[in-house]
1. Top to bottom by accessible area (1.4 Å), largest first, where do 136, 279 land?
2. First measure r as the distance between the Cβ atoms of residue 149 and residue 328, then evaluate 1/(1 + (r/R0)^6) with R0 = 51 Å and state the FRET efficiency to the nearest 0.05.
3. Under 5 Å between amide H atoms, partner at least 5 residues away or on a different chain: which partners does residue 289 have, H built in plane at 1.01 Å?
4. As an exercise, find the ratio Rg/Rh for region 136-238 from alpha-carbon atoms, using the Kirkwood inverse-distance average for Rh.
5. Order the following by accessible area, largest value first: 61, 90. Probe radius 1.4 Å; ligands, DNA and RNA are ignored.
6. Per the 1.4 Å probe, what fraction of the accessible area of the chain, in percent, lies on carbon and sulfur atoms?
7. Probe 1.4 Å, all protein chains in place: accessible area of residue 263 in Å², nearest 10?
8. For region 1-117, take every pair of Cα atoms, bin their distances at 5 Å starting from 0, and report each bin as a whole percent.
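The values are calculated or read from the model by the stated rules, or taken from the named source; none is laboratory data. Computed from a predicted model, the values in this text were never measured in an experiment. Ideal geometry is used to build each Cβ from the backbone, glycine not excepted, and the neighbour counts take in all protein chains shown. Calculation scope for accessible area: heavy atoms of the full protein, side chains included, ligands and nucleic acids excluded. Shrake-Rupley method; radii C 1.70, N 1.55, O 1.52, S 1.80 Å.
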Amino acid sequence: MPQRPTVAEVESILRAPVRQNWEQFTKTLKTLPADVDPDIASHAALSLIHGQPASLWSFGRTCQQLPAPVIRALLGRLEADSRPHAYFLREAVPQEASDEELRAAWKAALQGLLDLETTYAWGSKQRKAKFQVLASTPPLLQAIQTAVVACEQVSLDMLAVLTVDASDASVDALIPHVERAVQSQGWELDRLEDLRKHARSTPVMDDLFARMEALLQGRRARSPALDLARHLGFGELDAIWFRTYLLAGDTHATNSLVHHCNINVDSRTPRWFSVWQRSRMDGHDRNAWSDTRFDNEKLHKDIRGLGACELMQLPDWVARTARRLGTAWNISDSTLFTNLRGKKRARLAEWLRSGT
């Protein structure tokens, strides 16, 4: 039967870089001796969320059985941390509690973090069940409320728990996030709309979502992307979206130059037009790429000097880019994903090819 490592051996493992032996490192954190140095152990545990890559999920899975002195040292290290998980843990785990109560609260808090990091589909029954448990567990609900009040950027899962609870305290915590989204009318407003899937129906919650829906509908109706629908003769559409992926070059040849171009248009979103063109710069180095990226706001990157364009000039830009790259796009073979059907879809495809 293998001997348990000594405290000195454990502390030596904890001091080592995490990536040196991940399995040994995490196994050690799961079975720390009671007399391990709290400073060394807490620093090692926090490396899971402060290092690269940072993972709250790994932290939650690995650190549930920490000794009480290590938990207290870890919470002390989080005192100056202003991220949501730090507020959550400080609020959910009372440091003045007895060792036994502290460890129980700590384990429950880490399980709460895991429930907020679930990978189940957004509207799934499993995810709904986890949100219900969090909303019905007072210490965890209060910890989420504290984190949401303290931080402008929090996970959608935390906000979803507040909509499930829908109490006055939860609504008070949620409203500033809604107000900021209303003011910006950007991506955050679209993100908050997803909360409706989990929200409990109350007069206040229903009013909040009705207000967001009205703003979203108004913004979408004003989207410049709809000018394209009018230009193509489609009249007044509620929405137009499409995406297509262009390819040039022999992707099967080892040293060939390959060019890619992703085009996205979507009147429903704040970033209603975006293009990302990539070219392998050196046929001998499959990791050497040049990028041109732009959207309706600005040109973000342009290594080859291809420049940006307005939406209406997109076909000309596609053709000009092919000439600059010395290639030809496979436009006729590219897949076109769109909400348009029949003749409208065919007209859009014809417009995309019109510059070639």
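1. Values: 136 85, 279 0 Å².
The ordering from most to least exposed comes out as 136, 279.
2. On the way: r = 56 Å, r/R0 = 1.10.
For residue 149 and residue 328, the calculated efficiency is 0.35.
3. Counting only residues 5 or more places away or on other chains, the set is 281.
4. Working: Rg = 16.4 Å, Rh = 14.9 Å.
Ratio of gyration radius to Kirkwood radius for region 136-238: 1.10.
5. On the way: 61 145, 90 60 Å².
So the residues, ranked largest to smallest area, are 61, 90.
6. Details: 9230 of 18590 Å².
So the carbon and sulfur contribution to the accessible surface is 50 percent.
7. 0 Å²
8. 2, 12, 23, 26, 19, 12, 4, 1, 0, 0
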